[in-house]
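Visitor: The structure is given below, and queries will be raised subsequently.
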Amino acid sequence: MVSSAPLPVARGTRELHRLLRQAVDLRTLDLEGFRRWLTGQLPFWESDPAFVQRARIRDLRRAHPELHALERTCRRASAADEASPHFARLLQIGEELTRTGKAIAGLSAALARAEPEAQPALRRKLEGFQDRQRALQREQEQRTQASPPRQELLRVREELRQLRSRLGLERAEAELAGLLLNQGHRSGHTGGDFEHQVLALTWQAIVPELLGRARAGATSRLRVLTGVGLGAARTELDQLLIRQPLRPGQPVEVLALVEVKRNLNDVAHGFRRRQENLAWFTGDTAHYDSKEYRTRYFRSGHFDREAVHEQDGERFLFTRGSFRHFRREPGQGPFLRRLYFITRTSTLAGVSAAALARIRHRVATDERLRLQDDASLRELLRWCQSLAEPLEAPDVLRLYCSVPGRGRQILVLRRP
């Protein structure tokens, strides 16, 4: 069990209604509303060095139409090269040279580390690859000389490289690559902290609620399992709160499924997938495609045999009966009961976090986009709205608000 100080969390219908009132749902915005939304987003986006760098690259490209002309020339030269009789062999030679270069680098490193008695054999191998490399390079040069389209392509590529260097594009793109690499490292570190937080929150808020006050201390047989797949496809579950059986070797009892989303706008993606998963776990064959669930273990594509999850040196046995507490809302509604979400507070946008990232990327990189121009902005709005799924996070929150008590099953971590 994980224990720590209580986390700042909000839940319940009142909290969900508050989030819905503050939503800026891109799906329903008109042009002026979209303009206001973009104007409000830009200061946040511009605090991201990667966004700023992308915009610099975009503006640099915009300012130099000769770059676009040369890129078009390069594309035409590339198409002509691909149509030439020498292309297939030149492509093959290039791939072989890459493999040979890697072999030479590996053997050179091995030779530097090898004991004296192993060096002669390694040196012979290395010399063999070096001979092969020289032969390939000679053939590549000969075929290039015999191919006017390849010579033209190489000439245009070099001209383009020199222009990009003079404009500072190569340096700007290298700086962007470094920024993105650093962002990836930071994201990995913060992800682990969030996982620890939500595990603590499950024990602090969900376990007592499910057990009731009278049995709040009866946790000896409870476990929170993470990353549960059970050998099935499409079923990587963030958390399962389970109760172990009294008799060893019997199936566990699943008390709750907890879906964890770092971004509130991703709740809908988790909801859609877990609805399908719960149909599969409970044998509701009308609501999943068995072909997508076929694995070497579940050959029929149905949850028709026992499955085991191993964690912390323990084995946990699951059957369809393990999921008996999960039932649809009356009238063949969705699975809401015992399906929990833990997420973080943010503004609902009516599209996923991935879609928002795509919008941010397009605004930073689209050289044709003019935010002051109505036609250009309208085209962007239509594209943004096309990214929405039929069910998005605001719709999920409304679903949970529509059934008494279900609003407490979405836990929203507040910012400190």
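The values are calculated or read from the model by the stated rules, or taken from the named source; none is laboratory data. All values reported here derive from a predicted model rather than from experimental measurement. Cβ placement follows ideal geometry from the backbone for every residue including glycine, while neighbour counts extend to all protein chains displayed. Surface areas here come from the heavy atoms of the whole protein model, side chains and all, with no ligands, DNA or RNA. Shrake-Rupley method; radii C 1.70, N 1.55, O 1.52, S 1.80 Å.
Visitor: Given springs between every Cα pair under 10 Å in a Gaussian network model of the chain, which of 182, 277, 263 has the largest fluctuation?
Guide: 182
Visitor: At 1.4 Å probe size, with every protein chain present, just tell me what the per residue accessible area of region 33-149 comes to in Å².
Guide: Values: 7190 Å² over 117 residues.
Heavy-atom accessible area per residue stands at 61 Å².
Visitor: Mind checking which lysines have their C-alpha under 21 Å from residue 102, skipping anything on the same chain fewer than 8 residues away?
Guide: Candidates past the 8-residue exclusion: 125.
Visitor: For the chain, the longest stretch holding no GluC sites (Glu not before Pro) located in a DSSP loop with at most 13 other Cβ atoms within 10 Å is which?
Guide: 47-235
Visitor: Select from region 339-403 those trypsin sites (Lys or Arg not before Pro) which occupy a DSSP coil region and have at most 14 other Cβ atoms within 10 Å, ordered by residue number. Write down the numbers at each step before the final one.
Guide: Working: sites: 344, 358, 360, 362, 368, 370, 378, 382, 398; in loops: 368, 370.
Of the trypsin sites (Lys or Arg not before Pro), the ones in loops of region 339-403 whose Cβ has at most 14 other Cβ atoms within 10 Å are 368, 370.
Visitor: Quick one: grab the alpha carbon gyration tensor of region 1-121, order the square roots of its eigenvalues as a ≥ b ≥ c, and give me rounded if a/c is under 1.5, else prolate or oblate depending on whether a/b is larger than b/c.
Guide: Numbers: a/c = 3.38, a/b = 1.52, b/c = 2.23.
Because a/c hits 1.5 or more and a/b fails to exceed b/c, region 1-121 counts as oblate.
Visitor: Going Cα to Cα from residue 291, which lysines come in below 30 Å? Please leave out same-chain ones fewer than 8 positions away.
Guide: Cross-link targets: 261.
Visitor: Once fully extended, how much extra length lies between residue 367 and residue 46, figured as 0.36 nm per residue of separation less the alpha-carbon to alpha-carbon distance?
Guide: Values: separation 321, 0.36 × 321 = 115.56 nm, distance 1.71 nm.
My answer for the length gained is 113.8 nm.
Visitor: Take the chain, connect every pair of alpha-carbon atoms lying under 10 Å apart with a spring to form a Gaussian network, then pick out the residue of 264, 211, 391 with the largest mean-square fluctuation.
Guide: Highest fluctuation of the listed residues: 211.
Visitor: Using a probe radius of 1.4 Å on heavy atoms only, what accessible surface per residue do you get for region 235-343? Whole Å² is fine.
Guide: On the way: 5040 Å² over 109 residues.
Here the residues of region 235-343 average 46 Å² of exposed surface.
Visitor: Which of the listed residues, 12, 263, 23, is farthest toward the dipole's positive end in the chain, when Lys, Arg count +1 and Asp, Glu count -1 at the beta-carbon?
Guide: With unit charges placed on the Cβ atoms, the residue in question is 12.
Visitor: In addition: Counting only protein heavy atoms and using a 1.4 Å probe, what share of the accessible area of the chain belongs to carbon plus sulfur, as a whole percent? Display every interim value, and only then the final one.
Guide: On the way: 11430 of 22670 Å².
The computed percentage sits at 50.
Visitor: Follow-up question, since we're still on this one. Given +1 on the Cβ of Lys and Arg, -1 on the Cβ of Asp and Glu, and no further charges, what dipole in debye does region 55-185 carry about its Cα centre, rounded to the nearest 20?
Guide: Numbers: 25 positive and 19 negative charges, 36 e Å.
Using only the charged Cβ atoms, the result is roughly 180 debye.
Visitor: Taking 0.36 nm per intervening residue step and subtracting the Cα-Cα distance, what contour gain separates residue 246 from residue 167 on full extension?
Guide: Working: separation 79, 0.36 × 79 = 28.44 nm, distance 7.21 nm.
Result for the pair: 21.2 nm of gain on full extension.
Visitor: Give me, ordered by chain and number, the residues 5 or more places off residue 259 or on other chains with an amide H under 5 Å from its own placed amide H.
Guide: Correct list: 340, 341, 342.
Visitor: Something else now. Is the C-alpha gyration tensor of the chain telling us rounded, prolate or oblate? Criteria: a/c under 1.5 is rounded; beyond that, a/b larger than b/c is prolate, otherwise oblate. Don't skip to the end; give the middle numbers.
Guide: Working: a/c = 2.41, a/b = 1.49, b/c = 1.62.
Taking the square roots of the gyration eigenvalues as a ≥ b ≥ c, the chain is oblate.
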